[in-house]
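Here is the structure we will look at, set down as structure tokens.
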Amino acid sequence: MKKWILSVVSVSMLLLAACEQEHAGASEEQEVATAPWTEQQLADTNSRLNQMDEKVKQLEQQLAKIKTAAGASQVFKDVPVSHWAYVSITRLYNQNIVGGVGNDLFAPSQAITRAQAAAMLVRAFQLPLSTKPSIFVDVPDSHPFAREIMTAYEAGFVGGYPNNRFAPKESMKRKHMAMIIQRAFRLQATSAPYAGYKDVNERTQGALEIRIISQHGIAEGDNGYFYPEQPTTRAHFAIFMDRALQKNK
């Protein structure tokens, strides 16, 4: 009888040990199987949180635009509250960064000149005006923007052309706009997605700068095109400057 009891107990203990080993093995398998799943869930959660943060930022920007539009009056006759660049133009005007062209007009569709762009950058950064003589043969010291051009040049924002020319009346091309915005605000490339543009490749002057300001959301292009050789309008330059200043806060 004792032998039978001992046999039953021994078998029971063996079965219990086997069950424990099987359960332990199953737990290990479950843990191994669960680890990648947990990591994926965390990654998905982080992705959703990032998307929510981006949506919140977009909503905040929209609210800021609404508040600005509601609290400001029309400054220029040709930039009504309904104008797509109204908020940026008005904000820069209130900060003494942009002015009009006379007769209460801003001329938003008019191309911005290199001299005007240099002046806007100097005002935006509130740089003290240079007292050095102009080094450009086409910018005499009597030029209305001579001091601003020299200041922007000394700050490294803008450069000149061969034969010591600045071409102050020349339109600021969109590729050059990208270059001076990137330099002035010291923007660096990020890991943000960049789809590129159909009319910009590695041989395009300013390709890197175009990529950088696009990654920072300063420029967006139009239907997949950037139009690097086209002039930058005064409205577009105001938009780009305003976006860069908002991100620089």
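The values are calculated or read from the model by the stated rules, or taken from the named source; none is laboratory data. Just so it is clear, the structure is predicted and the values come from calculations on it, not from any experiment. Note that we place each Cβ from the backbone using ideal geometry, even for glycine, and neighbour counts take in every protein chain shown. For accessibility, only protein heavy atoms count, side chains too; no ligands or nucleic acids. Shrake-Rupley method; radii C 1.70, N 1.55, O 1.52, S 1.80 Å.
Among the residues of the stretch 197-213, write down those that are more than 12 Å from Lys175 (Cβ to Cβ) and either of a type in the set (Asp, Glu) or touching a Gly at 6+ places or on another chain (Cβ under 7 Å) (or both).
Lys198, Glu202
Show the residue pairs meeting these rules: Cβ distance below 8 Å; 6+ apart or different chains; first residue within the stretch 88-105 and within 13 Å of Leu245 (Cβ to Cβ); second residue of a type in the set (S, T, N, Q) and at pLDDT below 95.
Arg91/Thr68
For residues in the stretch 189-215 being hydrophobic (A, V, I, L, M, F, W, C) and touching a helix residue (DSSP H, G or I) at 6+ places or on another chain (Cβ under 6 Å), which is surrounded by the most Cβ atoms within 10 Å (Cβ to Cβ)?
It comes out as Ile210.
Determine which single condition Glu170 fails, assuming it passes every other condition in (1) open to solvent by less than 60 Å² (accessible area, probe 1.4 Å); (2) modelled with pLDDT of 95 or more; (3) of a type outside the set (Lys, Arg).
Among (1) open to solvent by less than 60 Å² (accessible area, probe 1.4 Å); (2) modelled with pLDDT of 95 or more; (3) of a type outside the set (Lys, Arg), the lone unmet condition for Glu170 is (1).
Keeping to the stretch 218-249, report how many residues are free of Cβ contacts under 8 Å to residues at least 12 places away in the same chain and under 20 Å from Ala207 (Cβ atoms).
The number of residues fulfilling the criteria is 3.
Identify all residues within the stretch 79-118 that are crowded, with 18+ Cβ neighbours inside 10 Å and of a type in the set (Phe, Trp, Tyr); write none if there are none.
Of everything in the stretch 79-118, those that are crowded, with 18+ Cβ neighbours inside 10 Å and of a type in the set (Phe, Trp, Tyr) turn out to be Tyr86, Tyr93, Phe106.
Give the residue, chosen from Met179, Met150, that is over 21 Å from Lys249 (Cα atoms) and modelled with pLDDT of 95 or more.
Met150
Of the residues Ser142, Ser171, Ser214, which is within 13 Å of the chain's Cα centre (by Cα) and polar (S, T, N, Q)?
Only one candidate qualifies: Ser214.
What pairs can you find where one residue is in the stretch 183-202 and within 11 Å of Tyr225 (Cα to Cα) and of a type in the set (Val, Ile, Thr), the other is outside any loop (DSSP other than H, G, I, E, B) and open to solvent by 90 Å² or more (accessible area, probe 1.4 Å), and their Cβ atoms are less than 9 Å apart, with a gap of 6+ or different chains?
Val200/Arg211
Determine the pairs where a residue that is more than 15 Å from Leu121 (Cβ to Cβ), located within the stretch 157-168, has a partner that is at pLDDT 95 or above and among the acidic types (Asp, Glu) with Cβ atoms under 8 Å apart, the partner being 6 or more residues away or on another chain.
These pairs meet every condition: Arg165/Asp138; Ala167/Asp138.
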